[in-house]
1. Residue check, K166 against (1) more than 25 Å from R103 (Cα to Cα); (2) among the charged types (D, E, K, R); (3) without any contact (Cβ under 8 Å) to a residue 40 or more places away in the chain, all met but one. Which one?
2. When you check I70 against the structure, is it closer than 27 Å to N151 by Cβ and of a type in the set (V, I, T), yes or no?
3. Kindly list the number of the only condition in (1) closer than 20 Å to N10 by Cα; (2) of a type in the set (V, I, T); (3) part of a strand (DSSP E or B) that fails for I36.
4. Every residue in the range 79-110 that is within 15 Å of H33 (Cβ to Cβ), more than 15 Å from the chain's Cα centre (by Cα) and without any contact (Cβ under 8 Å) to a residue 24 or more places away in the chain, please.
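Please treat every number below as a calculation from the coordinates, not as lab data. Worth saying up front: this structure is predicted, and the values here are computed from it rather than measured. Using ideal geometry, Cβ is built from the backbone for each residue, glycine included, and neighbour counts are taken over all protein chains shown.
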Amino acid sequence: MEFLDIYDENGMHIGTALRSEVHQQGLWHHTFHCWIMTKEKEKNYLLFQIRQRDKDLFPSLLDISAAGHILAGESIVNSSREIEEELGIVVPYNDLKHIGVIREKLAGDNFLDYEFCNVFLHVTNFKLNDFIIQEEELSGLVKIELTEIINLFLGNLDYVHAEGFKQLDGKRASIDIQVKKEEFVPHQLDYYLKVFKEAERLIR
């Protein structure tokens, strides 16, 4: 069982609850989000994970490079373990660029996900094939050019080019696809635009 610290809407700690209860009742909790960036041939890319198809929330959609819940009693420093768990690379916490805590509400038919998102950026020299993904959480990993993804979410493009791989039972297959905005986890627009703006600033 996974317990999370829970908070009121002002960020005051009010107790702990099971992860399942947190999403059923719309309880505020903290999460760790890390967006990985890479530069290749003078182009800047953001990495997006492809969520596992049997995930309870947003299966098969494109999402944050690495993310997860901050467990009850866990520090934000230790929660950076999510990068190694999901992507197989070790990134010291001090190498992460913290861009803020973003409040986000996501709702679906059977859940209310109210998060204080602790958002970080990291520029890596690793190539896509260097990552060792956690198949329980991810079914693949792709890179998307930063200028393209910005224009997609601003409504200037109908789709973007995504290149990477899908993986099943340890076997990888390269993919080179076009994806629409509807194929991304529906984070709030201001969330995406803040991340993209800070990514542009960091990777210049």
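1. In the conditions (1) more than 25 Å from R103 (Cα to Cα); (2) among the charged types (D, E, K, R); (3) without any contact (Cβ under 8 Å) to a residue 40 or more places away in the chain, K166 misses (3) alone.
2. The answer is no for I70.
3. (1)
4. Y93
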